[in-house]
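K.L.:
This is the structure I want to talk about, given as structure tokens.
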Amino acid sequence: MIIWISSYPKSGNTYLRSFLSAYYFSEDGEFNFNLLKNIKQFPNKNFFSNKLNSFEDAVKNYVPAQKSIFESKKANFLKTHNLLGFYKGYPFTIPEYTLGAIYIVRDPRNVILSLMNHYSLSEKEALDFITDDNRDIHQDENDFAAYSFLSSWAKHYTSWSTTKKYRKLLIKYEELKNNKYEIFRDIIVYVNTLLNKTERVNKEKLKRAIETTEFNILKHKEEKEGFVESAKDKKGKIKIFFNKGFENDWKNSISSKSIKKIETKFYNEMVNLGYIKKNKN
């Protein structure tokens, strides 16, 4: 069975996975990058026996690939950036294979800044990225094993947050800055409930997992050790993955024109999440 760790790209998925891997896959809560191997990304080529040559080839193999995970009779955390829904008539997942999901959402005005850094995009390109209802991502033009259909930021968020088919826990990235202990504790309780575990939260392990996955510590580890998920710029130079984190500030970093477009296009979702206030008119 699968517990999805889902998000739109550059919304805190890796930060969340770092904590979960430290708590569930270490003896004492001490994080290291190797622990992330316990939470694989889906989809990727390791889940498919044959090469996938097209978008349709990819999406029609999502559920069959998950069947083997189900048959292993083990619970698996899997990271994904996929929209929760159908593409060309094929579902991303089915209730038989999914225990639940943790969805982490981030203010789209800050998502733009992280997209610009990670993918070496201009502000306009990043704005087009998150507002595109047909947005997808894949790493290799000749192999679609890592193909993910995203859609826009709003449709992605809505697909996971409003589903009635799956149990889910919604986390706001911004709230992790000052409420790590409470939120991560709630995540552990949620996961243990999904797994039918009756054990109490290990408070010391929880604290250690939080301490060793602080953003500045992750950033320092990347600078010292490198990080396999880091991207390269257009000249082939490796870019810092753990760039600014909670210090990202859209207020002084993107144009008023882009801010207005985001707040207009994603108005309902941003009001719902408390990112903007509801118009009184």
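The values are calculated or read from the model by the stated rules, or taken from the named source; none is laboratory data. Keep in mind that this is a model prediction, so the values were computed, not measured. We place every Cβ from the backbone using ideal geometry, glycine too, and count neighbours over all the protein chains shown. These area figures cover heavy atoms from the full protein model, side chains too; ligands, DNA and RNA do not enter into them. Shrake-Rupley method; radii C 1.70, N 1.55, O 1.52, S 1.80 Å.
K.L.:
Take the residues in the range 85-94 that are open to solvent by 30 Å² or more (accessible area, probe 1.4 Å) and assigned to a loop (DSSP other than H, G, I, E, B); name whichever of them is farthest from Asp143 (Cα to Cα).
P.N.:
By that ranking, first place goes to Ile94.
K.L.:
Out of everything in the range 54-81 that is among the basic types (Lys, Arg) and closer than 25 Å to Tyr157 by Cα, what residue ends up being most open to solvent (accessible area, probe 1.4 Å)?
P.N.:
Per the criteria, the residue is Lys60.
K.L.:
Go through (1) basic (Lys, Arg); (2) at pLDDT 75 or above; (3) within 16 Å of Lys10 (Cβ to Cβ) and name the single condition Lys207 misses.
P.N.:
Every condition holds for Lys207 apart from (3).
Yes or no, residue by residue, for (1) touching a Ser or Thr at 6+ places or on another chain (Cβ under 8 Å); (2) among the hydroxyl-bearing types (Ser, Thr, Tyr); (3) within 19 Å of Ile5 (Cα to Cα):
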site	(1), (2), (3)
Pro64	no, no, no
Thr80	yes, yes, yes
Thr98	no, yes, yes
Ser120	no, yes, no
Glu125	no, no, no
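K.L.:
Picking from Lys197, Lys180, which residue would you name as being surrounded by fewer than 17 Cβ atoms within 10 Å (Cβ to Cβ), modelled with pLDDT under 95 and under 22 Å from Leu78 (Cα atoms)?
P.N.:
Just one listed residue meets the conditions, Lys197.
K.L.:
Right, something else. Might you check whether a residue that is open to solvent by 70 Å² or more (accessible area, probe 1.4 Å), outside any loop (DSSP other than H, G, I, E, B) and modelled with pLDDT under 95 occurs anywhere in the range 165-174?
P.N.:
Looking for residues that are open to solvent by 70 Å² or more (accessible area, probe 1.4 Å), outside any loop (DSSP other than H, G, I, E, B) and modelled with pLDDT under 95, one finds none in the range 165-174, hence no.
K.L.:
Now for a different question. Take Lys37 and tell me if it is under 24 Å from Val59 (Cα atoms), modelled with pLDDT under 95 and assigned to a helix (DSSP H, G or I).
P.N.:
yes
K.L.:
Scan the range 130-149 and report the pairs whose first residue is closer than 18 Å to Tyr90 by Cβ and open to solvent by less than 20 Å² (accessible area, probe 1.4 Å) and whose second residue is of a type in the set (D, E, K, R) and part of a loop (DSSP other than H, G, I, E, B), with Cβ atoms within less than 8 Å and a gap of 6+ or a chain change.
P.N.:
Pairs found: Ala145/Lys51.
K.L.:
Can you run down the residue pairs with Cβ atoms below 8 Å, 6 or more apart or on separate chains, where the first is in the range 76-88 and without any contact (Cβ under 8 Å) to a residue 40 or more places away in the chain and the partner is surrounded by fewer than 20 Cβ atoms within 10 Å (Cβ to Cβ)?
P.N.:
Lys88/Phe55; Lys88/Glu56; Lys88/Lys60
Condition check ((1) farther than 21 Å from Gly12 by Cα; (2) open to solvent by 10 Å² or more (accessible area, probe 1.4 Å); (3) not in a strand (DSSP E or B)) across all residues:
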position: Leu83; (1), (2), (3): no, yes, yes
position: Glu96; (1), (2), (3): yes, yes, yes
position: Leu99; (1), (2), (3): yes, yes, no
position: Ile104; (1), (2), (3): no, no, no
position: Asn110; (1), (2), (3): no, yes, yes
position: His118; (1), (2), (3): no, yes, yes
position: Leu121; (1), (2), (3): no, yes, yes
position: Ala126; (1), (2), (3): no, no, yes
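K.L.:
Quick check on the range 179-186. Is at least one of its residues under 24 Å from Tyr24 (Cβ atoms), assigned to a loop (DSSP other than H, G, I, E, B) and without any contact (Cβ under 8 Å) to a residue 60 or more places away in the chain?
P.N.:
yes
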